[in-house]
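J.: Take this structure first; my questions come after.
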Amino acid sequence: MQRFWLQFWKQRPGCREACDETFVLGGATTTARRQEMNCARVGVVGCGHLGKIHARLLAGRDDCKLVGVVDPILDVASAVAEAHGCESYSEPEDLIGRVDAAVVAAPTGLHAKVAIPLLEAGIDLLIEKPIAAAVEDARAIVVTARRFGRVVAVGHVERFNPAWALACQQPGRPLFIQAARLAPFTYRSLDVGVVFDLMIHDIDLVLSLQPGRLENIESNGIVATGGHEDVVKARLTFGSGLVADLMASRINPVLSRELSMWTSEAMVSVDFNAKTVGVVAASEEVAAGKFIADSVPVGERANAKEVFFQDVLPHQALPVPDSNAIASEHDDFLRARAEGVDPRVSASAGSAALEVATRVLDVLRCTKLGAPPAIMEMRKSA
């Protein structure tokens, strides 16, 4: 375990006690009872970019106590621990007996190896996305959590973005989705490609709309930085009729995270970075089928164009409440384990997103940037 742990990590730059409780995980209920906790003891496994954010936010909460952080590079763990007044450890198992819950922010390939022993020891987990590097590992986490009656939440943080929450409140049945998640290259998450790193966020959002059975997948991509895909465009077609076009890039000069969703009643646009939501809806004239563009006199069209999104398809920018998505994710996880309810993104939901992401990679056809125009088929970051 020690060698495996270090092998992955060196690639990276840079309270009342729990008793019995009733848990509902992925639709399956296991029964136990737990004393309600005023202050859960928590730990963080992994002191990389996200692990440091988790540690900082958890250390500032009143409803839990950050007991320790784990990193195989002890100097890194010690620095984070010193900043937040907790202990530092080199192995995940060091948290056993010391914490009630933990955040797993280790490299993706280590998630199952870290998570399963902690679940078996009675520790509830918030696991960063993706839940695991392989579908079999994700299923093993789900099964272990059920067997030992533990809560597992998965860190698909965009579910907690207030802009997405507001977008989901808009009326109508989703018909088409177009998402673009573009980011500059960061030298992080090099153990996976862009599908597991970025696109899986939008896959999870689409699945949260309960679009029915996934009927078809098409995907094409580009490799530029090594063995993993860096740019992917995928089309997902569902039994409900929903079609989702997803674009993800981790070699884009400008950061952008946007999604447009056409429903049976409106077009909803979401900017995840700016936390803004716009809605374009049908006027009464359009809804009644009375608006015919050809009937507008040619001489009036210049003026009509200027007020089209006022009179014909009114556009409205909705006020979005400000909140920290990761802090909201912590709220949800701690509430779920205290009340014995499902977290918003359960282990089963995280596993479902991973399965779809894996299917995107199964059919992915990649071109190497700058190479002769030959198409190479590429299976997930292998």
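The values are calculated or read from the model by the stated rules, or taken from the named source; none is laboratory data. Predicted model, so just to flag it, every value in this text is computed and none were measured. Virtual Cβ from ideal backbone geometry, glycine too; neighbours counted across all protein chains shown.
J.: Within the stretch 321-364, can you find the residues that are among the charged types (D, E, K, R) and either part of a loop (DSSP other than H, G, I, E, B) or closer than 27 Å to ALA234 by Cα (or both)?
T.: Hits for the stretch 321-364 are ASP322, ASP342, ARG344, GLU355, ARG359, ASP362.
J.: Please name all residue pairs, on different chains or six or more residues apart, with Cβ atoms under 6 Å, provided the first residue is in the stretch 263-275 and is assigned by TED's automatic domain parsing to the domain that holds PRO211 and the second residue is of a type in the set (A, V, I, L, M) and part of a strand (DSSP E or B).
T.: Every condition considered, the pairs that remain are ALA266/VAL279; ALA266/ALA281; MET267/VAL280; VAL268/MET261; VAL268/VAL279; VAL270/LEU259; VAL270/VAL277.
J.: Continuing with this model, one more query. Given the structure, is PHE185 among the aromatic types (Phe, Trp, Tyr), at negative phi, in the same structural domain as ALA248 (by TED's automatic domain parsing) and part of a loop (DSSP other than H, G, I, E, B)?
T.: Against the criterion (among the aromatic types (Phe, Trp, Tyr), at negative phi, in the same structural domain as ALA248 (by TED's automatic domain parsing) and part of a loop (DSSP other than H, G, I, E, B)), PHE185 qualifies.
J.: Tally up the residues in the stretch 265-285 that are over 23 Å from LEU209 (Cα atoms) and either touching a helix residue (DSSP H, G or I) at 6+ places or on another chain (Cβ under 6 Å) or surrounded by 16 or more Cβ atoms within 10 Å (Cβ to Cβ) (or both), please.
T.: Residues that pass the stated criteria total 1.
J.: Next up: Would you pick out the residues in the stretch 129-155 that are under 11 Å from VAL345 (Cβ atoms) and touching a Ser or Thr at 6+ places or on another chain (Cβ under 9 Å)?
T.: The initial filter retains those residues of the stretch 129-155 that are under 11 Å from VAL345 (Cβ atoms), namely 129, 131, 152-155.
The answer is LYS129, ILE131, VAL152, ALA153, VAL154.
J.: Could you please find all residues in the stretch 166-202 being more than 25 Å from ALA134 (Cβ to Cβ) and crowded, with 19+ Cβ neighbours inside 10 Å?
T.: Across the stretch 166-202, the qualifying residues are LEU166, ALA167, PRO174, ILE177, LEU182.
J.: Can you tell me which residues in the stretch 40-77 are of a type in the set (A, V, I, L, M, F, W, C), part of a strand (DSSP E or B) and over 24 Å from THR186 (Cα atoms)?
T.: ALA40, VAL42, CYS64, LEU66, VAL67
Conditions (1) small (Gly, Ala, Ser); (2) outside the structural domain of PHE185 (by TED's automatic domain parsing); (3) under 27 Å from ILE200 (Cα atoms); (4) at pLDDT below 95, marked per residue:
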residue: GLU285; (1), (2), (3), (4): no, no, no, yes
residue: ASP332; (1), (2), (3), (4): no, yes, yes, no
residue: ARG335; (1), (2), (3), (4): no, yes, yes, no
residue: SER351; (1), (2), (3), (4): yes, yes, yes, no
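J.: Considering only the stretch 132-178, how many residues are more than 16 Å from the chain's Cα centre (by Cα), in a helix (DSSP H, G or I) and not assigned by TED's automatic domain parsing to the domain that holds ASP100?
T.: Matching residues across the stretch 132-178 total 2.
J.: Which condition from (1) in contact with a Cys (Cβ under 9 Å, 6 or more places away or on another chain); (2) buried (at least 20 other Cβ atoms within 10 Å of the Cβ); (3) not in a helix (DSSP H, G or I) is the one that VAL80 breaks?
T.: Status for VAL80: all satisfied but (3).
J.: To continue, here is another question. Could you tell me which of the residues ILE96, ILE123, ILE116, ILE53 is modelled with pLDDT of 95 or more, buried (at least 20 other Cβ atoms within 10 Å of the Cβ) and closer than 24 Å to ALA336 by Cβ?
T.: Every option except ILE123 fails the conditions.
J.: Sort out which residues of the stretch 82-109 are in contact with a helix residue (DSSP H, G or I) (Cβ under 9 Å, 6 or more places away or on another chain) and more than 30 Å from LEU354 (Cα to Cα), and write them in order of number. If you could, list the steps in order and put the result at the bottom.
T.: Of the stretch 82-109, the ones in contact with a helix residue (DSSP H, G or I) (Cβ under 9 Å, 6 or more places away or on another chain) are 83-93, 95-96, 99-109.
Of everything in the stretch 82-109, those that are in contact with a helix residue (DSSP H, G or I) (Cβ under 9 Å, 6 or more places away or on another chain) and more than 30 Å from LEU354 (Cα to Cα) turn out to be ALA83, HIS84, GLY85, CYS86, GLU87, SER88.
J.: Name the residue that is surrounded by the most Cβ atoms within 10 Å (Cβ to Cβ), counting only residues in the stretch 214-241 that are within 20 Å of the chain's Cα centre (by Cα) and not in a strand (DSSP E or B).
T.: GLU229
J.: So, GLU258, is that one surrounded by 17 or more Cβ atoms within 10 Å (Cβ to Cβ) and assigned to a strand (DSSP E or B) or not?
T.: Judged against the criteria, GLU258 is a match.
J.: Follow-up. Test SER323 against the stated conditions and say whether it is within 30 Å of VAL192 (Cα to Cα) and surrounded by fewer than 16 Cβ atoms within 10 Å (Cβ to Cβ).
T.: For SER323, the condition - within 30 Å of VAL192 (Cα to Cα) and surrounded by fewer than 16 Cβ atoms within 10 Å (Cβ to Cβ) - is met.
J.: Of all the residues that make up the stretch 242-255, how many are under 23 Å from ASP362 (Cα atoms) and either part of a loop (DSSP other than H, G, I, E, B) or among the hydrophobic types (A, V, I, L, M, F, W, C) (or both)? Give the derivation first.
T.: Kept after step one, since they are under 23 Å from ASP362 (Cα atoms), are these residues of the stretch 242-255: 242-251.
Within this subset, residues satisfying the condition of being either part of a loop (DSSP other than H, G, I, E, B) or among the hydrophobic types (A, V, I, L, M, F, W, C) (or both) are 242-244, 246-248, 250-251.
The number of residues fulfilling the criteria is 8.
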